[in-house]
Amino acid sequence: MLLYVFFVLGAWRGVIGSDNICTENEYPDCKMIDIGFPKTEEDINRICPILIENLDCLKNHFDKCGYEFGTTEDELQALQGVTEDVCREGSRMHLGVVQHIGCFNEVKQLDKQFCESYVRSKVSKMKNYLYDIEAERGYSDDYYDPELWLPFQCIRNSFEIACSISKTSERCGSDAKDIATEVLTRATDAHHSCLAASKERIAELLALLELELEEEASLKRIIRKE
């Protein structure tokens, strides 16, 4: 998942309950409707109740059916927490997001493809390296080894955050960057995947990438949640 709370959640859907529980592939008790990405304070106030209802529905679904599709209870709680803070009118985070929402929208519209390409270019070398290790170990195509792929997920998600923060800083200034940094690090699962990942494997993959010093330092700050 990946960008600001509204990048992440704006791509999600609003919720209308149904009677089907644990019988279909994806969140059967949460019927989805398109809500789009907010451009104004009015959009935020309109979308917030839908997002909160959606997250409550997903929590109810996971409580009944178990956490799945790579989602954990901690990740969902983190997402709920930052959403509630952003949506609470008068809160510091709400005021910050409202102040910069127009520029955040520009970042989404103008820089999303750049960041996606940037991340793909960075992680492809790691992915091929890990595929080679899997082949050497004789893993089947559907076997998942968390010792290999949690560090990959940690670094990939951290790259996504780093690129979004960088573009926000360029277009919107330091105050917007601070808000985006807080929302991103709280709303995404980078921190959770990094906590569970092998530190030695993370260091090995970072060395493989041969990053510039500042690029590596920025990434490590996100990985360590500094």
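The values are calculated or read from the model by the stated rules, or taken from the named source; none is laboratory data. In this text the structure is predicted, and so the values were computed from the model without any measurement. All Cβ positions, glycine included, derive from the backbone under ideal geometry; neighbour counts span all protein chains shown.
Can you find a residue that is within 14 Å of Leu208 (Cβ to Cβ), charged (D, E, K, R), touching a helix residue (DSSP H, G or I) at 6+ places or on another chain (Cβ under 7 Å) and assigned to a helix (DSSP H, G or I) anywhere in the stretch 136-156? Yes, because at least one residue in the stretch 136-156 is within 14 Å of Leu208 (Cβ to Cβ), charged (D, E, K, R), touching a helix residue (DSSP H, G or I) at 6+ places or on another chain (Cβ under 7 Å) and assigned to a helix (DSSP H, G or I). Residues considered: Ile202, Ile161. Of these, the only one that is surrounded by fewer than 21 Cβ atoms within 10 Å (Cβ to Cβ), among the hydrophobic types (A, V, I, L, M, F, W, C), in contact (Cβ under 8 Å) with a residue 12 or more places away in the chain and in contact with a helix residue (DSSP H, G or I) (Cβ under 9 Å, 6 or more places away or on another chain) is Ile202. Screening Thr40 against (1) hydroxyl-bearing (Ser, Thr, Tyr); (2) modelled with pLDDT under 80; (3) closer than 16 Å to Met93 by Cα leaves a single unmet condition, (2).
Given Arg186, Arg156, which one is of a type in the set (D, E, K, R), within 13 Å of the chain's Cα centre (by Cα) and buried (at least 19 other Cβ atoms within 10 Å of the Cβ)?
Going through Arg186, Arg156 in turn, the sole match is Arg156.
The set of residues from the stretch 99-130 being surrounded by fewer than 19 Cβ atoms within 10 Å (Cβ to Cβ), farther than 24 Å from Glu215 by Cβ and either of a type outside the set (S, T, N, Q) or in contact with a strand residue (DSSP E or B) (Cβ under 6 Å, 6 or more places away or on another chain) (or both) comprises just one member, Gly102. Within the stretch 53-73, the set of residues being modelled with pLDDT under 75 and acidic (Asp, Glu) comprises Glu68 only.
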